[in-house]
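These notes concern the structure reproduced below.
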Amino acid sequence: MIARSNASQPKTPILPFPILMLLLALLVGGLAGKAPSVLLDTFNHGFGRALGEFALLLFPAFTLAHALAKRQLRSSNTLATWLAPLAGAGMVCPDTAYATLSSLAGGRRLSLAFGAYAGFKLLFPAGALIVMTGLGVTDSGALWRCAMLFPAVWLVGVLWARRFEPDGVTEGESGGAAAWEALLKPFLALVILVVLGALTAASQWPGIGLLFSPKGGLFAAATIALWRLPAEQRAACMDSGLRRTANLLFMIGAASALGTMLAAALPLDTSVFSRATQWQLLLLLFMLAALFKSVKGSSMATFAALTAVVAPQLPTLPIEPTNAVVAICLGSLVAILPNDSFYWLVREDALAGFGEARAIRILAGGSVLQALTGLLGLLFLTGF
């Protein structure tokens, strides 16, 4: 990795982003003329909204990510490219997935980046499940619809990346069956448990039913990954998962509080949306997600803030909740910009030899193409 001058790095903000969102939430409530007791009630409702579910989702995912990162895998361009989406989804973080697999990818690191990014936004148990949790949607159809759209989105990203990767990249030393086993066993256990829960009544069994839900499956996958590590490394993995979860829960809470306060201070006129067609609402949600992501940079903050705004209105909108979930996931693909930590991770590694303007065009352009590809597919599936 080539070090770059500090001049190219984003300036350190005066306040951490979560604190800024927290203060903005209080400011919005104050400017809306809310009494202190009402303001605090609204803030508490927004901040605590679904945090328990997010904790059950994020802690095992981050513990799993740290456990997988401990495995020493040998270089394999093909292995890294194919596992990138699974890692992005399973680790619930494209940054962690990229950092884990970049040493395997060689000259295909840009393909790895776009694969991990698409997997995080569209594949279970990441983007779609996070948005479902935020919106209170329980229909698993959103997961399947995102999975249907994923191959085209992934392919577009890889083809775009290949335009800028060096020609004649040779395959590194294969990691062999051991590498596939290390990374795939936890994910296979996760998928098997969730599919069993969806196809049978296992998820309703007293006592152990939670094991067959997405969150229970994540705990099982993390347990399998931890079990395969030396005993002295397991506590460190769980400590890492706990720290990352705590930091992210605070950011999600602040973003959700801001979204809830905005929704309360600026209530939407649902009569306008009731006259819109479903595909018009899909475009609106897509563009709102793209706007939130472009402004905020953080995908998790985008999911938390936007779902807090949309969730109260969703039951009254003439749109299937599953399609609303997919539209938000696709819109959040726009765009990989310098206010996103993932931009700097990829820019300093895969694009270290590129100028700043060109790096922005490559990463932002590829993510926009991925988003538009998914949007066209969604409009086709919903009967444009």
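Just so it is clear, none of the values below were taken in a lab; they were calculated from the coordinates. Every value quoted in this text rests on a predicted model; they were computed, and no experiment measured them. Neighbour counts are summed over all protein chains in view; Cβ atoms, including those assigned to glycine, are modelled from backbone coordinates with ideal geometry.
Overview of results
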{"quantity": "L51/L376 FRET efficiency (R0 22 Å; Cβ-Cβ; nearest 0.05)", "calculated": "0.05"}
{"quantity": "Under Karplus coefficients 6.51, -1.76 and 1.60, residue-wise ³J(HN,Hα) of the range 348-354 in Hz, glycine/proline x", "calculated": "7, 10, 5, 10, 4, x, 9"}
{"quantity": "Entries of K34/K121; K70/K121; K34/K215; K185/K293; K215/K293; K34/K296 with Cα pairs more than 29 Å apart", "calculated": "K34/K121; K34/K215; K185/K293"}
{"quantity": "Estimated [θ] at 222 nm from DSSP helical runs (n ≥ 4, -39500 (n - 2.57)) normalised by residues in the chain, nearest 500", "calculated": "-23500 deg cm²/dmol"}
{"quantity": "Placed amide H near A276: partners under 5 Å, 5+ positions off or other chain", "calculated": "none"}
{"quantity": "Cβ-based exposure ranking for Y117, Y343, in which fewest neighbours within 10 Å come first", "calculated": "Y343, Y117"}
{"quantity": "Distance in nm between pseudo-label sites at Q313 and E348 (7 Å out along the Cβ direction from Cα)", "calculated": "3.8"}
{"quantity": "Placed amide H near N339: partners under 5 Å, 5+ positions off or other chain", "calculated": "none"}
{"quantity": "Ranked list, fewest to most other Cβ atoms within 10 Å of each Cβ, for K121, K185, K34", "calculated": "K185, K34, K121"}
{"quantity": "Contact order relative to length of the chain, as percent, for alpha carbon pairs under 8 angstrom and 6 or more apart", "calculated": "25"}
{"quantity": "Cβ-placed point charges (K, R +1; D, E -1), dipole of the chain about Cα centre in debye, nearest 20", "calculated": "300"}
{"quantity": "Entry for percent of Cα pairs over 37 Å apart (calculated from the structure that is shown) out of (1) 19; (2) 31; (3) 28", "calculated": "(1)"}
{"quantity": "Order of I319, I252 - criterion: other Cβ atoms within 10 Å of each residue's Cβ, fewest first", "calculated": "I319, I252"}
